[in-house]
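The structure appears right after this line, and notes come after that.
Nothing in this text is a laboratory measurement; each read-out follows from the coordinates by a stated rule. No experiment lies behind these values; they were computed from the predicted model shown. Every residue, glycine as well, gets a Cβ built from its backbone with ideal geometry; the counts of neighbours run over all protein chains shown.
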Amino acid sequence: QRAWILSNPPAGEIQKDTFELVTRDLPELKDGEILLQVESLSNDPAQRGWIQKDQDPERAYSPPVQKGDIVRATGIGKVLKSRSDKWQEGQRVVGMWGWTDYAIAPATAVQFAAIDLPGKPTASLSVLGMVAVTAYHGLFDVLDLKPEHAIIVSGAAGAVGSIVVQLAKNVVGAQRVIGIAGGKDKCDWVKSLGADDCIDYKEAGWAEKLKAALPKEGADRVFENVGGEVLNEIFKVTRRFGKIASCGMIAGYNGAAQNLTNVSEIVKNRLVLQGFIVIDIGARWPVAVKELAGWVTEGKIKIDGAETLVPAKVDDIPQVWQRLFVGQNRGKLITQLTN
Ligand code: NDP
């Protein structure tokens, strides 16, 4: 087994010594366990939170990764050997297999069998994966989006955001869907998914353009993925009694200050800001996946172009993951292990 362990939990930017690549012999397979070859890995901004230095575990939604542990990551693994009745050799299964090439895990660690869409073996990490369920839960349960609403979606060219845009326009039929993303190419793509407009937040004057793209009163709903400067400007264009679902704050994950100087807008304009975590959907997860699969079949959620697949050796797993923090992905960033 070659695996990346957490060697030095980071407080700010990722350092050279944050992770360490180790080579180990795997133990014998015990009753109830499976041996997996990890085929592909999900790259998630949340992993940055799980490895953060000096966390209060009482306040974390999942236990922090400990020093010396394999870095936690969701992936698709192929069962090479099984000593469980539940999973057979050759099956492809989703679970938190971590930054490793091979893993031994209890059969109960399997979350579900990978769903194979024609030509899209990684759909369980993208359009039918956790990020899609996050989009579903945030949009329908937290924001209760209606056709009469105007909605802003930040991080709109990312894994979660690109699905939010499509659900908002192609499923709900919201009157105005405005994406925010970094760069013209990403914005063109977001518009091709159905957004009425997309604002490039890396361009000067973007906040004025955002305001101009919205109805006069502002946005009724916001699906907010990034925090920082983007959220700060969003406060000023969310309409009175409007609602912001706070899904993520990637702008601050590597230690940068969020600088939310416009936060008093919450009081002045009676905004509701609600954070949520996808696990809050609980037992309705498979219901969401089923519904999402239907929309993929109907073409309301596009699978073509929804993934940035990066073939990589185990050695390069951390570098690929770090692309998230510099915007080097469109849709879901997936590592395909080649060794
Ligand atoms: P993405 O595919 O959206 O990738 C991250 C994107 O964030 C980048 O491509 C980049 O896009 C953008 N970004 C990076 N740094 C910054 C910055 N400083 N300011 C603004 N944008 C930045 O990742 P996911 O879709 O997986 O996750 C999106 C967000 O949703 C994250 O904040 C994540 O933590 C959160 N999340 C929350 C969940 C929950 O349960 N609450 C579940 C899953 C994800 P660009 O080029 O446009 O800048």
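Under 1.5 on a/c is rounded, so check that first for the chain, then, if it is not, pick prolate when a/b is larger than b/c and oblate when it is not; a ≥ b ≥ c are the square roots of the alpha carbon gyration tensor eigenvalues. Don't skip to the end; give the middle numbers.
Numbers: a/c = 2.04, a/b = 1.58, b/c = 1.29.
It is prolate, given that a/c is not under 1.5 and a/b is the larger ratio.
The distance linking the stretch 1-32 with the stretch 283-305 is 34 Å (Cα centroid to Cα centroid, whole angstrom). Remark on the chain: 247 stand apart, with no other cysteine beta carbon under 4.7 Å. For the pair residue 56 and residue 144, label points projected 7 Å from Cα toward Cβ lie 3.1 nm apart.
Between 0 and 90 degrees, the angle of helix 228-237 with respect to the longest Cα principal axis of the chain falls at about 30 degrees.
Fewest to most neighbouring Cβ within 10 Å: what's the order for 186, 67?
Ordered from fewest to most neighbouring Cβ atoms within 10 Å, 186, 67 come out as 67, 186.
A straight chain from residue 339 to residue 326 at 0.36 nm per residue would run longer than the Cα-Cα distance by 2.1 nm.
Just list whichever of 146/290; 268/300; 78/300; 53/186 have alpha carbons separated by over 28 Å in the model shown.
Details: 146/290 21 Å; 268/300 37 Å; 78/300 30 Å; 53/186 33 Å.
Those over the limit are 268/300; 78/300; 53/186.
Apply the a/c threshold of 1.5 to the C-alpha gyration tensor of the stretch 39-182 and tell me whether it is rounded, prolate or oblate.
On the way: a/c = 2.54, a/b = 1.53, b/c = 1.66.
It comes out oblate by the Cα gyration axes.
Indicate the gyration tensor shape class of the stretch 1-104 (rounded, prolate or oblate), computed on the Cα atoms with a ≥ b ≥ c the square roots of the eigenvalues: a/c under 1.5 is rounded; otherwise a/b larger than b/c is prolate and the rest oblate. Since a/c reaches 1.5 and a/b is larger than b/c, the shape of the stretch 1-104 is classed as prolate.
Each Lys and Arg contributes +1 and each Asp and Glu -1, all at the Cβ; summed about the Cα centre of the chain, the dipole is approximately 620 debye. Choose one of 43, 71, 61: the residue whose Cα lies farthest towards the positive end of the charge dipole of the stretch 15-93 (beta-carbon charges +1 Lys, Arg; -1 Asp, Glu; about the Cα centre). Value: 43. Annotation: peptides 120-129, 205-214, 150-159, 231-240, ranked by per-residue average of other Cβ atoms within 10 Å with the highest first, follow the order 150-159, 120-129, 231-240, 205-214.
Converting phi to 3J(HN,Hα) with the Karplus coefficients 6.51, -1.76 and 1.60 and the offset θ = phi - 60°, the stretch 257-272 yields 5, 7, 6, 8, 6, 9, 5, 5, 4, 4, 6, 4, 10, 6, 7, 9 Hz in sequence order, with x at every glycine or proline.
Per-residue ellipticity at 222 nm for the chain, helices alone: DSSP H runs ≥ 4 residues times -39500 (n - 2.57), over residue total, nearest 500 deg cm²/dmol? Working shown, then result.
Numbers: 9 runs with 70 residues, N = 339.
-5500 deg cm²/dmol, from helical runs alone.
Going by amide H atoms built from the backbone, whose H comes under 5 Å of the H on residue 331, apart from near neighbours? Residues meeting the criterion, in which the H sits 1.01 Å from N, are 158, 159.
GluC sites (Glu not before Pro), restricted to the stretch 23-72: which are DSSP loop and have at most 13 other Cβ atoms within 10 Å? Passing both the DSSP loop test and the Cβ count: 28.
Applying the Karplus relation 6.51 cos²θ - 1.76 cosθ + 1.60 with θ = phi - 60° to the stretch 130-144 yields 3J(HN,Hα) values of 4, 5, 6, 5, 4, 4, 4, 5, x, 6, 8, 8, 7, 8, 6 Hz, where x marks Gly and Pro. Sequence-distant contacts, meaning Cα pairs under 8 Å at least 6 residues apart, place the relative contact order of the chain at 17 percent. Note that the stretch 87-100 has calculated 3J(HN,Hα) couplings of 10, 10, 3, x, 6, 9, 10, 9, x, 8, 7, x, 7, 8 Hz, one per residue in order, obtained from phi through the Karplus relation 6.51 cos²θ - 1.76 cosθ + 1.60 (θ = phi - 60°); glycine and proline are x.
Structural descriptor for the stretch 130-279: relative contact order 22 percent, calculated from alpha carbon pairs under 8 angstrom and at least 6 residues apart. Using 20 Å as the cut-off for backbone N distance, which residues of the stretch 238-278 belong to the label zone defined by a point 7 Å from the Cα of residue 13 along Cα→Cβ? Inside the label zone: 250-259.
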